[in-house]
Structure formats: structure tokens, C-alpha cells
Amino acid sequence: MIDGHMYEPYASPSVEPRPTTRNYTIESLDTGLRLMQLFLVQHTVTVSEAAGRLGVGRSTAHRVLSTLEGRDFAVRDPSGRGYEAGPELLRLGRPAGLGPTVRERVGAVLDDAVRRTGETVESAALVEDLVLVTDGRASTRPVRVGLETDRVRPAHATAAGKVLLSRLTAEQVCALYPEERLPAVTSRSLVSRSALLAELAEVRELGRAFSRGEWVPGLYAVAVPLTGAGRRDRLALSASSPADRGSDAA
């Protein structure tokens, strides 16, 4: 929050069927994979919704959901009328390196960072073109950025996301952003892949990244690499503040 106002998490765009260049697609497998993608953009999926979104019959949608449930990739929601992402799907999607040992080590860094900066600090991991806030410590100042862990944000609009993207090759970044145009989260967000690649080159040279009102108007953040050798266990450390306290020297 800034001045007591909470900000909403970034919503991923809907997943649409992709044309295939192969002529031996296994339709049932393709339907199952597309259905799992729905869980990335919806908390709950009913049989009717799955059938409509995937363009299949209700009986087919029910069989696929039941199969996913049998393998723990989907579970019934509390109402019993729909399905949610199951433990196996969550395990696959969650970054590695977030076990108790890593959390304890990163927690000590967060404790030190919040003491040094006086601002809200967070650790974050890259999940496709999003960053997942894995842990954090809230500032004790009266006007501060609110802490929201286990929330996702657009990587290209956040300092932590830019740091993590900078550790990928240009080819890997282009694979995450196949289109030249990027979604504008605020009026200050980067809106082209070319601009993002240019800024990532600067981030590699500086060793840190900035976000200046690109994710939430009036919020400034600076981030540095934290830990992790492999792509799935890399973390970034960011500190966020209202714009009137933020500076590139932070």
C-alpha cells in the first residue's frame, strides 16, 4: 500500500490455443495441457467453463479434469462445483530453492536490509514473465509500501523482475516476450521488447535495477541479485518506497 491504499496483483492474460506446426498432435494431451494453462489465469475452473474455453464437449472436459485430479494436478474447490490447481501443478510452477534452509538464509538478509534502508524489502523469484514475491519485511515508517508475499507482478515493470531478467540471455528474454509490444501497467512502464532489452543491458553493467512508478504510480524500487545459480532458484532483493523518498542512489 502507499498512503494506506492497497495495490492489486497483476493479472496474466488469458491463455489461448496455439497453432502447432506438427501434424501428429495428440489431441487429448493437448487438451489436458491447455486445461492446466487455465489454472494460471483462473483460481477455479468448472466443467462448463473448461468446455467453453477449450472448445470441447462437457464430457471431454469432465474426463480431462478427472484425469488431472487423479494425478493431483487438480483438486476440487471447497464448493465441490469446480476445480483448482492441485499440489503437483503448484510444485512444478513454484521456483526451486525455497526450502527452509534457503528461507532462513534469505530471511537474515531481509532483516538486515530493512534495518539498513528503513523501507519495505522483498525477495522475489522469476516465474515465466512474472515475479513471485517469496518473502519480505515491512517498513515501520508511517507512510510506506505495503508488503504482499506470494503475489505475482509483471517482471518487465518491476525492479526485481528486471534484475532476474538481466541474468537471462537475449534469446531467453525474447522467448518470454515473443511480441515486440509489452503491456503497459502504468504510463511509465516499458512498452516495447526493444526498450526492455536495452535496459537489461544497463542493469547487467550496473548490477542493480530500478522501477520508477512502472508497477504502481508513486512507487520507486531498487533491486539487486540475491542468490541462486540456476534459473529456477535465482532470487532478487528489492527495496521499495514512495517516490518522494526514492532515488537512484538507494
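Results, tabulated for the structure shown:
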{"read-out": "Hits in the range 201-237 - residues which are open to solvent by less than 10 Å² (accessible area, probe 1.4 Å) and within 16 Å of Thr134 (Cβ to Cβ)", "value": "Ala223, Leu235, Ala236"}
{"read-out": "Any hit, the range 61-68, residues being among the basic types (Lys, Arg) and in contact with a strand residue (DSSP E or B) (Cβ under 6 Å, 6 or more places away or on another chain)", "value": "no"}
{"read-out": "Single residue of Leu90, Leu68 found to be over 26 Å from Leu168 (Cα atoms) and among the aliphatic types (A, V, I, L, M)", "value": "Leu68"}
{"read-out": "Flag for Ala198 being open to solvent by 50 Å² or more (accessible area, probe 1.4 Å), within 15 Å of Arg153 (Cβ to Cβ) and free of Cβ contacts under 8 Å to residues at least 60 places away in the same chain", "value": "no"}
{"read-out": "Residues satisfying the stated conditions in the range 100-128, i.e. within 18 Å of Arg151 (Cα to Cα) and either open to solvent by 30 Å² or more (accessible area, probe 1.4 Å) or assigned to a helix (DSSP H, G or I) (or both)", "value": "Arg103, Val106, Gly107, Leu110, Val127, Glu128"}
{"read-out": "Pick from the range 73-99, criterion of a type in the set (A, V, I, L, M, F, W, C) and assigned to a loop (DSSP other than H, G, I, E, B), ranking: modelled with the highest pLDDT", "value": "Phe73"}
{"read-out": "Unique match (being out of contact with any Leu (no Cβ under 9 Å at 6 or more places or on another chain) and closer than 23 Å to Asp129 by Cβ) among Leu90, Leu98, Leu38", "value": "Leu90"}
{"read-out": "Arg91 being open to solvent by 20 Å² or more (accessible area, probe 1.4 Å) and either touching a His at 6+ places or on another chain (Cβ under 6 Å) or over 30 Å from Arg231 (Cα atoms) (or both)", "value": "no"}
{"read-out": "Those residues of the range 195-236 which are of a type in the set (Val, Ile, Thr) and within 16 Å of Gln172 (Cβ to Cβ), in sequence order", "value": "Val203"}
{"read-out": "Search result, residues across the range 36-45 that are β-branched (Val, Ile, Thr) and open to solvent by 40 Å² or more (accessible area, probe 1.4 Å)", "value": "Val41, Thr44"}
{"read-out": "Number of the condition not met by Glu205 [criteria: (1) at pLDDT 95 or above; (2) within 16 Å of the chain's Cα centre (by Cα); (3) of a type in the set (Asp, Glu)]", "value": "(2)"}
{"read-out": "Residues located in the range 68-81, provided they are open to solvent by 70 Å² or more (accessible area, probe 1.4 Å) and either hydrophobic (A, V, I, L, M, F, W, C) or over 27 Å from the mean Cα position of the chain (by Cα) (or both)", "value": "Arg81"}
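Residue-by-condition table, conditions (1) of a type outside the set (Gly, Ala, Ser); (2) modelled with pLDDT of 95 or more; (3) within 18 Å of Glu122 (Cα to Cα):
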{"residue": "His156", "(1), (2), (3)": "yes, yes, yes"}
{"residue": "Lys162", "(1), (2), (3)": "yes, yes, yes"}
{"residue": "Gln172", "(1), (2), (3)": "yes, no, no"}
{"residue": "Leu190", "(1), (2), (3)": "yes, yes, no"}
{"residue": "Trp215", "(1), (2), (3)": "yes, no, yes"}
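The rows are residues; the columns are (1) surrounded by 15 or more Cβ atoms within 10 Å (Cβ to Cβ); (2) touching a residue at least 60 places away in the same chain (Cβ under 8 Å); (3) within 12 Å of Ser238 (Cβ to Cβ).
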residue: Ser139; (1), (2), (3): yes, yes, no
residue: Leu165; (1), (2), (3): yes, no, no
residue: Thr169; (1), (2), (3): no, no, no
residue: Pro178; (1), (2), (3): no, no, no
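The values are calculated or read from the model by the stated rules, or taken from the named source; none is laboratory data. As the structure is a prediction and not an experimental result, all values here were calculated from the model. Glycine gets a Cβ as well: all are built from the backbone with ideal geometry, and neighbour counts include every protein chain shown. SASA here: full protein model, heavy atoms, side chains in, ligands and nucleic acids out. Shrake-Rupley method; radii C 1.70, N 1.55, O 1.52, S 1.80 Å.
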